[in-house]
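Colleague: Just dropping this structure here.
The values are calculated or read from the model by the stated rules, or taken from the named source; none is laboratory data. Being a predicted model, the structure only gives us computed values, none of them experimental. All Cβ positions, glycine included, derive from the backbone under ideal geometry; neighbour counts span all protein chains shown. Each accessible area value is taken on the protein alone, full model and side chains, heavy atoms only, with ligands, DNA and RNA left out. Shrake-Rupley method; radii C 1.70, N 1.55, O 1.52, S 1.80 Å.
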Amino acid sequence: MTTETTPAETGDPAHERLRRWRLVLGGDQADGTGCALSGRDAAMDGTLTALYGKGDRPQTGRDRSAGLGASAPSVARWLGDIRTYFPSSVVQVMQRDAIDRLGLAALLLEPEMLEAVEADVHLVGTLLSLNKAMPETTKETARAVVRKVVEDLEKRLATRTRATLTGALDRSARISRPRHHDIDWNRTIAANLKHYLPEYRTIVPERLIGYGRAAQSVKKEVILCIDQSGSMAASVVYASVFGAVLASMRSISTRLVVFDTAVVDLTDQLDDPVDVLFGTQLGGGTDINRALAYCQSQITRPAETVVVLISDLYEGGIRNEMLKRVAAMKASGVQFVALLALSDEGAPAYDREHAAALGALGAPAFACTPDLFPEVMAAAIEKRPLPIPDTA
């Protein structure tokens, strides 16, 4: 009895290259490798063929491009297979491709499908876009999937965010009679340069400037104003998590506002970001001017307020009024931050004319990663220049 040996088992680098090309090209007659697969490689190839088997164009109905079938059980089995053969990062890409290429979003409304998926921010965005069509039998499973992603994000982001912003709040509360370990030496030296004694080559400080310790009372007010159009799904997820983290800090009063052509204040749900996310409605038009008008009406201490607009800036409202509101807020002392995205995906398609107009007002618009966001907020709280990425 003979046993077939796969290219990977021979240890031959040339065979290994052929094997990899065979998996990439898909095994049609024109692939040119002449390489046969068996065992695990054949099963892996089957999962790839099911998704990418007949071209790159999205198709529906009888003209489907792959062999998953239109039933949740068969898709669930396929999801289990790809988790067996590929790492989590690849699984998430293949899931997104399956939703986009094969029109499988509707199957996410079935509980057995949701139980099989690899949960990530993109899946949460898809579920939120399907929220209104979701049957009651699926909502509990969907909330569990969303909660898992949110809790993972909170574990990754919360500690660093609180530490960074607590330091910024302490530094922003300057005191004139600091204890020794609270002296801000850079500012103290700058304030006392006129007291430099050249014969002693030293400065005799007459006024000390120190870091304050942020008390338990509210020191800063933050308003997160989030565009909930469909392209902003990942940003909505991250902003909701950050909103919950900020709301947990006693020294910061946090308000979270989402908008399309209407404006919804979700501040009272900030203790649970999952409730915030299911309170959004992804898709629809955009009226940034109306959203900023509402945010402006909520400002009571402009010099201590940070407004963060998260939007691709495609404005369906009144453009000039939007810009006037931004200018008025900045003139009153508000720190205004414009983010084109709050995600790991980079800058989306955005309205460059509006971005340039905001930049001319001193509010440059840029895409921000979740890891950079705490530093952006700390700079805004301390009224320092924002750490804008070079790629913005």
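Colleague: Computing the accessible area with a 1.4 Å probe over protein heavy atoms, can you report the carbon and sulfur percentage for region 306-392? Walk me through the numbers before you get to the answer.
Modeller: Values: 1860 of 3610 Å².
Carbon-and-sulfur percentage of accessible area, whole number: 52.
Colleague: Then there is this: Find out how many positive minus negative residues lie around P13, taking Lys and Arg as positive, Asp and Glu as negative, among other residues whose Cβ is under 12 Å from that of P13.
Modeller: +1
Colleague: With every protein chain kept in place and ligands, DNA and RNA left out, what is the accessible area per residue of region 215-262? Probe 1.4 Å, answer in Å². Before the final figure, lay out each step's value.
Modeller: Working: 1250 Å² over 48 residues.
About 26 Å² of surface per residue is accessible.
Colleague: If r is the Cβ-Cβ distance from E151 to S297 and R0 is 22 Å, what FRET efficiency results, to the nearest 0.05?
Modeller: 0.05
Colleague: Tabulate in residue order the Karplus-calculated ³J(HN,Hα) for region 288-301, using 6.51 cos²θ - 1.76 cosθ + 1.60 with θ = phi - 60°, rounded to whole Hz; enter x for Gly and Pro.
Modeller: After applying 6.51 cos²θ - 1.76 cosθ + 1.60, I find 5, 4, 5, 5, 5, 4, 5, 4, 4, 5, 8, 7, 10, 10 Hz.
Colleague: Kindly state, to the nearest 0.05, the FRET efficiency for A14 paired with E353, given R0 = 45 Å and r defined as their beta-carbon distance. Walk me through the intermediate numbers first.
Modeller: Values: r = 55 Å, r/R0 = 1.21.
Efficiency for this residue pair is about 0.25.
Colleague: I'd like the FRET efficiency for S332 and I183, computed as 1/(1 + (r/R0)^6) with the beta carbon distance as r and R0 of 25 Å, rounded to 0.05.
Modeller: 0.20
Colleague: K148: which lysines have alpha carbons under 30 Å from its alpha carbon, excluding same-chain residues fewer than 8 sequence positions away?
Modeller: K132, K139
Colleague: Please list, in chain and number order, the residues 5+ apart from R255 or on another chain whose amide H is under 5 Å from its amide H, with Hs placed from the backbone.
Modeller: Placed amide hydrogens put V222, I223, L224 under 5 Å from R255.
Colleague: Additional query: Excluding residues fewer than 8 places away in the same chain, name every one of the lysines whose C-alpha is closer than 19 Å to that of K383.
Modeller: Answer for K383, where 19 Å is the Cα cut-off: K219, K220, K330, listed by chain and number.
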